[in-house]
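We did not get these values from a lab; they are worked out from the coordinates using the rules stated. The shown structure was predicted, so the numbers you read here are calculated from the model rather than taken from an experiment. Using ideal geometry, Cβ is built from the backbone for each residue, glycine included, and neighbour counts are taken over all protein chains shown.
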Amino acid sequence: MTAIAAPALSRGLPEAPVMTEATMQPPLHPTSGPDYNPVVTLNGWTLPWRMNGDWKEFHLVAEPVEREMAEGMTANLWGYNGQSPGPTIEAVEGDKVRIFVTNKLPEKTTIHWHGQILPCGMDGVGGLTQPHIPSGKTYVYEWQLAKSGTFMYHPHSDEMVQMAMGMMGFFVVHPRDPQQHRVDRDFVFLLNAFDIDPGARVPRIMTMTDFNLWCWNSRLFPGIDPLVAAKGDRVRVRVGNLTMTNHPIHMHGYDFAVTGTDGGWVAPEARWSEVSIDIPVGAMRAYEFDAVHEGDWAIHCHKSHHTMNAMGHDVKTFIGADKRLTTEQIRKLVPDYMPMGATGMGEMAEMSMPLPDNTLPMMAGWGQFGPIEMGGMFSVMKVREGLAAGDYSDPGDFDHPPGTVAYEWTGDTPDAAQAPGASEPTPKSSHDDHHKRS
Ligand SMILES: [Cu+2]
């Protein structure tokens, strides 16, 4: 790398790459500056940079974007460099970073570097630490990265609207020593939420809590990439929450160690084990595990309404209701009326009902054994023997070893209605028997 002594701003703006796809891009290995093991961003990418002397220069462009949230639905959001969330920024502890932010939104913006230790005037709070960046203008942020860890970026200017529109991104600072906190695979994703009416493309920006699309990186299951690991890998997952509520992220098949928060790394002797990790609002958590158990392990938010796609909440509960009579009557008027909900709603996952254009079914996704009946914040941690380092391609369904899958009992089964403790009236014959015996 040639050292360049010229003042930074005489070189002109660095290129601002744009991503057109919503599929996970391969990790971006550093070709300049100190070495590190790059992260992979689910359904996302890392922003390339240029060296200018000893400064790493990045260029973010805040702009309206079209984001495919899953196959069959695209939203009109605001984001950075073609996507929402924006590209992940990666650099190294001690690096000097210079980040150009061009505003192509129809209104002013700023960027706040959530969690970074920096000069106050680089903190990106419009009005408080800098003027808002007007539409059409470019501002420059520059500081030296004080510590490694996991950070986020988002606007601090008309923040409620701009975050409801999808403006946010991840910022990973790697340790100076590449052996420190080293893992084989390092996944990052942001929790975000939108309220988009079925058939619409633009989020309702005034929604406070009742969102209908619960996303990872502005994607919905089955559109969320699987997290793929080779058996034996040390794996880290970093999750940031920029929604309006907490999300208990639960991963099957493993217990894992909580190794990081926004505040920094958790000292080895202070780490604790979990199988679910609650990600508070405006916070980040990192956890690690050794991928020793092969399989297709579900990973999802444990708030069950967050693993659904757009749904109405004002639907009556019909569990246990006998709808035979009403069905007969309604069918006289609407011949293809389907009674639903009397035995639960799982049947909905297998039905293909007409939906408005640009709308996803509430429950979706198919596995090798049938419908998965999920949407929203759900994906699969796929652990396989013999994957090459750096291979993140979907290995397909897990081939379960013989004798290790739940199976049907084919002997006699009890009549559910007569199970002990059932509230059904006792059948007359046994009632009589009881009297004879006493
Ligand atoms: Cu959730």
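What does the charge add up to near M24, with Lys and Arg as +1, Asp and Glu as -1, over the other residues with Cβ less than 14 Å from its Cβ? Walk me through the intermediate numbers first.
On the way: positive: R185, R219, K382; negative: E21, E68, D186, D225, D391, D394.
Neighbour charge sum, excluding M24 itself: -3.
Place a +1 charge on the Cβ of each Lys and Arg in the chain and a -1 charge on the Cβ of each Asp and Glu, then give the dipole magnitude about the Cα centre in debye, rounded to the nearest 20. List each step's numbers first, then the result.
Numbers: 33 positive and 53 negative charges, 202 e Å.
My answer is approximately 980 debye.
Axis of helix 324-333 versus longest Cα principal axis of the chain: the two differ by about 70°, to the nearest ten degrees.
Under unit Cβ charges (Lys, Arg +1; Asp, Glu -1), what dipole magnitude, rounded to 20 debye, does region 1-130 have relative to its Cα centre?
On the way: 8 positive and 14 negative charges, 79 e Å.
My answer is approximately 380 debye.
The Cα atoms of region 15-301 give a gyration tensor whose axes a ≥ b ≥ c have a/c of 1.5 or more with a/b no greater than b/c, which makes the shape oblate. Output the antiparallel fraction of DSSP beta bridges having both residues in the chain, as a percent to the nearest 5. Approximately 70 percent, going by the DSSP bridge assignments. When region 15-301 is described by a simple charge dipole with +1 on each Lys and Arg Cβ and -1 on each Asp and Glu Cβ, the residue from L145, G169, M24 located farthest towards its positive end is L145.
Return the ratio Rg/(2.2 N^0.38 Å) for region 38-88, where Rg is computed over Cα atoms only. Intermediate values should be presented prior to the final figure.
Working: Rg = 13.3 Å, N = 51, 2.2 N^0.38 = 9.8 Å.
Taking the Cα Rg and dividing by 2.2 N^0.38 Å, one obtains 1.35.
Using C-alpha pairs below 8 Å separated by at least 6 residues, the relative contact order for the chain is 14 percent. If you count Lys pairs in the chain whose Cα atoms are under 26 Å apart, skipping same-chain pairs closer than 8 places in sequence, the total is 16. With the simple model of a label 7 Å out from the Cα in the direction of the Cβ, L13 to M160 spans 3.1 nm.
The Kirkwood hydrodynamic radius of region 54-143, based on inverse pair distances between different Cα atoms, is 14.2 Å.
Determine the shape class of region 364-405: with a ≥ b ≥ c the square roots of the Cα gyration tensor eigenvalues, call it rounded for a/c under 1.5, and otherwise prolate if a/b is greater than b/c, oblate otherwise. Spell out each step's value before the answer.
Details: a/c = 2.79, a/b = 1.24, b/c = 2.26.
Since a/c reaches 1.5 but b/c is at least a/b, the shape of region 364-405 is classed as oblate.
Between the Cα long axis of helix 428-437 and the first principal axis of the chain there is an angle of about 70°, rounded to the nearest 10.
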